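Notes follow the structure.
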Amino acid sequence: MSVMKHMMNGMMPVMMKGVSSEEKQEMMLKMMPMMMADIDMAEMMPKMMAAMLPELLTMKSEFTSQDDAGEKMLDRMANVMPNMCELIDKKALAEKKDAMISKLMDREVFRERMPKCFAKGMPLMVRGFFEHFLPVLSKEKRQEFVSTVISMVLEYGARDFSDEEKRALVSNS
């Protein structure tokens, strides 16, 4: 293992200097499955994400400060995101997410902190989607969406509210 650590700390930066980004991407695609073969991904993924996030944010900041980088990224996202959205089995993905959250809620730290984080963050996160996506949908699609969201909020978030309290929620908006 010490040989690998030495290689990662000393040789890898030198070796990677002459490798193009396309070659790095190809290497990652070929090497990652081999490197992950006997790894417990449930343990490794959070560690990887935590280790990568500061560098990714720095890279993103540097990338977007380039003259045309922001526009290039927007062009790519404008093509990739709708295609991915159409290909994803949303029901299956939601079921997996719900099963994972159900298991996470068994853990005290998650149960104590995550609902508060969600309540603070979700309104901020979805506002832009509502602002930009809903106006371009037909009135019927918007009515269906709003009705679904309100029904879910009332069903899961206001079960113990009186009818008067529920009406006050809707009228205060």
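A few comments on the model shown:
- Among the residues of the range 154-168, the ones that are free of Cβ contacts under 8 Å to residues at least 12 places away in the same chain and either surrounded by 10 or more Cβ atoms within 10 Å (Cβ to Cβ) or of a type in the set (A, V, I, L, M) (or both) come to 6 in all.
- Tallying residues that are in a helix (DSSP H, G or I) and in contact with a Lys or Arg (Cβ under 8 Å, 6 or more places away or on another chain) within the range 136-173 yields 1.
- Index of the failed condition, Met122 passing every other in (1) outside any helix (DSSP H, G or I); (2) of a type outside the set (Phe, Trp, Tyr); (3) surrounded by 10 or more Cβ atoms within 10 Å (Cβ to Cβ): (1)
Yes/no per residue for (1) at pLDDT below 85; (2) in a loop (DSSP other than H, G, I, E, B); (3) farther than 26 Å from Pro115 by Cα; (4) over 17 Å from the mean Cα position of the chain (by Cα):
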{"residue": "Glu23", "(1), (2), (3), (4)": "no, no, yes, yes"}
{"residue": "Met32", "(1), (2), (3), (4)": "yes, no, yes, yes"}
{"residue": "Ile39", "(1), (2), (3), (4)": "yes, yes, yes, yes"}
{"residue": "Glu43", "(1), (2), (3), (4)": "yes, no, no, yes"}
{"residue": "Met49", "(1), (2), (3), (4)": "yes, no, no, no"}
{"residue": "Leu56", "(1), (2), (3), (4)": "yes, no, yes, no"}
{"residue": "Glu71", "(1), (2), (3), (4)": "yes, no, yes, yes"}
{"residue": "Val80", "(1), (2), (3), (4)": "no, no, yes, no"}
{"residue": "Lys91", "(1), (2), (3), (4)": "no, no, no, no"}
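- Yes/no for Glu131 being within 27 Å of the chain's Cα centre (by Cα) and either of a type in the set (D, E, K, R) or assigned by TED's automatic domain parsing to the domain that holds Met81 (or both): yes
- When every residue of the range 130-137 is checked against the conditions, none turns out to be free of Cβ contacts under 8 Å to residues at least 12 places away in the same chain, of a type outside the set (A, V, I, L, M) and touching a helix residue (DSSP H, G or I) at 6+ places or on another chain (Cβ under 7 Å).
The values are calculated or read from the model by the stated rules, or taken from the named source; none is laboratory data. In this text, all values refer to a predicted model and were calculated from it rather than measured experimentally. Methodologically, a virtual Cβ is constructed for each residue, glycine included, from the backbone with ideal geometry; neighbour enumeration extends over all protein chains shown.
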